[in-house]
Amino acid sequence: MCDDTGKVDREFFETYVGSELGTTRESTALGPAYGVDFGVIDPGSERLVVAADPLYVYPALGFERAGRLALHSVLSDVAVSGIPPTHLTVNFTLPASMAAEEFASLWGAITDECDRLGVDIVAGHTGWTGATYPEIGGAVALGLGPGAEIVRPDGARPGDSILLTTGPAREVAGLFATLFPDAFDVDSALLERAQAHLEETTVVEDATTAAAAGPVSAMHDVTECGVRGALVEMAAAAGVRLEVTTEGVPDQPAVDAICEAVDIDPWTVSSRGTLLLTVPERGVEAVGEALERRGTPVTELGTVRSGDGVSIDGEPASPPRTDPAWEAFRRLRETA
């Protein structure tokens with residue numbers, strides 16, 4: 001039995017998951033690997049990018065907003081391939097306490113967002129179960145597109161620049177400030193700004209914009225264990241060394257206020273909506289300008305080198321054993 005919450009670590013994955021993957025088929029161009037968000041199937045003329053995620057829904061956010069956030073969680077994992085998500089399957093294991101009207105709000109938000117993004121819902125299952133919030137099922141997102149356009153998660157190469165969009169911990173700060181507003185003795189303007197960050201927790205359009213703007217060698221949606229964890233995963237996947245300096249990252253007073261209040265390091269907690277990219281030097285300007293035109297701030301963090309591991313501000317970096325936001329969430333829920 002494991003006492004930790006969140007994704008399994010690399011050792012567990014390679015021992016129990018990655019060693020047993022069924023039949024090997026020639027059409028599988030990219031299979032499961034630790035730190036990799038998606039797989040790729042190559043049926044011939046095009047490639048099919050596939051990603052799966054649980055669906056987390058927090059009723060206190062409102063079912064419409066909760067539906068959009070849950071959807072973007074799985075769509076983002078496809079988008080970091082550079083291929084826009086095109087199809088979706090959804091499996092709902094609904095809590096018995098969920099009213100039909102609440103489900104209608106949730107589903108309406110999901111389908112409206114899929115329509116806006118050009119995503120076709122092609123299959124699924126819906127049933128009432130003994131499930132409890134927030135995990136009420138799962139989804140599989142697919143992206144069908146030309147194979148030449150795929151950005152591989154292990155594609156970082158020495159000489160590439162490392163770019164970071166938005167900033168660390170916006171997802172966690174927004175979630176905590178929205179679910180537990182009375183727990184934070186911070187300025188009301190900061191609290192409202194932190195809450196607003198929750199609407200930014202998607203990389204779908206940023207990822208596809210970056211891939212279309214110029215050469216991008218790798219992309220990673222920053223989730224569990226934050227930017228620090230994502231850097232380590234990206235370096236390990238590509239077999240390179242990432243050297244990072246944090247001084248250029250813009251200040252985030254609202255995020256910092258929430259993180260300080262619950263004693264967590266913003267660089268180590270889930271930051272969905274923040275995109276980590278490696279870009280060959282010739283593409284840095286075009287990619288940065290394309291993202292800035294979308295209103296997405298971009299920071300050049302550092303450089304990819306030969307070697308292995310991650311250096312942040314001159315110090316070796318490793319991810320926390322588990323995302324500290326989980327424990328902070330438990331504390332906030334117990335005292336609410």
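Put a dot 7 Å past the Cα of Trp326, heading toward its Cβ, do the same for Glu285, and the two dots end up 4.5 nm apart.
For a modelled paramagnetic label at Thr15, 7 Å from Cα along Cα-to-Cβ, the residues of segment 309-327 in reach, with backbone nitrogen under 17 Å, are 321-322. Taking every DSSP beta bridge that has both ends in the chain, the antiparallel portion is near 75%. In plain terms, the bigger the Kirkwood radius, the slower the diffusion; for the chain, with that radius from Cα pairs, at 37 °C and 0.692 mPa s, Stokes-Einstein puts D at 161 µm²/s.
Shape of segment 181-268 from the C-alpha gyration tensor: prolate (a/c of 1.5 or more and a/b above b/c, with a ≥ b ≥ c the square roots of its eigenvalues). Summing charges over neighbours of Leu88, with a neighbour being any other residue whose Cβ is under 14 Å away from its Cβ, gives -4 when K and R count +1 and D and E count -1. Summing Lys and Arg as +1 and Asp and Glu as -1 over all other residues whose Cβ lies under 15 Å from the Cβ of Leu117 gives a net charge of -4. For segment 179-327, what is the relative contact order in percent, using Cα pairs closer than 8 Å and at least 6 residues apart in sequence? Computed value for segment 179-327: 39 percent relative contact order. Considering only GluC sites (Glu not before Pro) in DSSP loops that have at most 10 other Cβ atoms within 10 Å, the longest stretch of the chain without any of them is 27-246.
Work out, step by step, the length gained on full extension between Ser105 and Asp42: first 0.36 nm times the residue separation, then minus their alpha carbon distance; give nm to one decimal.
Result for the pair: 19.0 nm of gain on full extension.
Values of log10 I(q)/I(0) for segment 10-149 across q = 0.11, 0.12, 0.14 Å⁻¹ run -0.46, -0.54, -0.71, by the Debye formula with one identical scatterer at each alpha carbon and no solvent. For the chain, the relative contact order works out to 21 percent when only alpha carbon pairs closer than 8 Å and six or more residues apart are counted.
Bear in mind that the values in this text are calculations on the coordinates, not laboratory data. Remember, predicted model here, so these are calculated numbers, not experimental data. Every residue, glycine among them, receives a Cβ derived from its backbone with ideal geometry; neighbour counts consider all protein chains shown.
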